[in-house]
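What follows is calculated from the coordinates using simple rules that are stated; it is not laboratory data. Every value quoted in this text rests on a predicted model; they were computed, and no experiment measured them. Note that we place each Cβ from the backbone using ideal geometry, even for glycine, and neighbour counts take in every protein chain shown.
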Amino acid sequence: MKCIFYCVKCHKIATARHKCNPLSYVSITRNMRNCVDTMNDLGLELMSAVSYVENVDTSFLHKLELELEFRYEYNEAILQAMPDGWNWYKFSVKDGEVWLSGLRYTENYLWTGAETVTDRVNLIIKKFERYLSYRDPQAVKSILTLMYS
Ligand SMILES: [Zn+2]
């Protein structure tokens, strides 16, 4: 799926004519819009949120991957227990001088014909959206304030 820029301030796809501060732009695949909005409501700033599907050896096996990169290094406690398959990781920018946090979901998915691969990806995203909707924005924001002020 193609990556586009999404403005979290206006809740719009940011075209070349969009005039907001680029720091409010998140590089996304279209299916991740709601996740980005909810993360933003929780006070967590994303840089990118994308889904990938890789067809392994042109068989029925697919590698599904969802990846969210934050603009900061967050403590993993901030969202509490993650749903199955989701893990925190750290990645470096500026040659290892700055470390940031990310969230990743991976699954080896064997396509059986009962649904499309896109259906499967959308279901994973829907479950993650539901998980995020149960987070308490006030609680997350107070953890953020405690940790980073
Ligand atoms: Zn905007």
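Quick notes
- Hits in the range 128-149 (condition: under 17 Å from the mean Cα position of the chain (by Cα) and surrounded by 13 or more Cβ atoms within 10 Å (Cβ to Cβ)): Phe128, Glu129, Tyr131, Leu132, Arg135, Val140
- The residues on offer are Asp84, Asp41, and the sole one that is over 10 Å from the mean Cα position of the chain (by Cα) and free of Cβ contacts under 8 Å to residues at least 12 places away in the same chain is Asp84.
- For Ser101, the conditions (1) within 14 Å of the ligand (Cβ to nearest atom); (2) closer than 26 Å to Thr145 by Cα; (3) hydroxyl-bearing (Ser, Thr, Tyr) are fulfilled apart from (1).
- Residue in the range 18-26 that is within 16 Å of the ligand (Cβ to nearest atom) and in a strand (DSSP E or B) present: yes
- Of the residues making up the range 120-147, those that are touching a residue at least 12 places away in the same chain (Cβ under 8 Å) and closer than 18 Å to Glu73 by Cα are Val140, Lys141, Ile143, Leu144, Met147.
Let's see how each residue does on (1) surrounded by 14 or more Cβ atoms within 10 Å (Cβ to Cβ); (2) outside any strand (DSSP E or B):
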site	(1), (2)
Leu64	yes, no
Glu69	yes, no
Tyr74	yes, yes
Ala81	no, yes
Asp84	no, yes
Tyr89	no, no
Ser92	no, no
Asp95	no, yes
Gly102	yes, no
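- The residues listed here are Leu46, Leu68; of these, the one that is hydrophobic (A, V, I, L, M, F, W, C), away from the ligand (no atom under 16 Å from the Cβ) and under 30 Å from Thr116 (Cα atoms) is Leu68.
- Residues that are within 29 Å of Val117 (Cα to Cα) and surrounded by fewer than 15 Cβ atoms within 10 Å (Cβ to Cβ), drawn from the range 3-33: Cys3, His11, Lys12, Ile13, Thr15, Arg30
- Residue pairs meeting the criteria (Cβ under 6 Å; at least 6 apart or on separate chains; first in a loop (DSSP other than H, G, I, E, B), in the range 1-16; second within 9 Å of the ligand (Cβ to nearest atom)): Val8/Ser24; Lys9/Cys20; Lys9/Ser24; Ala14/Cys7; Ala14/Tyr25
- Members of the range 104-127 that are surrounded by 15 or more Cβ atoms within 10 Å (Cβ to Cβ) and assigned to a helix (DSSP H, G or I): Arg120, Val121, Ile124, Ile125, Lys127
- For Ser92, the criteria (1) of a type in the set (Ser, Thr, Tyr); (2) free of Cβ contacts under 8 Å to residues at least 12 places away in the same chain; (3) within 17 Å of Thr38 (Cα to Cα) hold in every case but one, which is (3).
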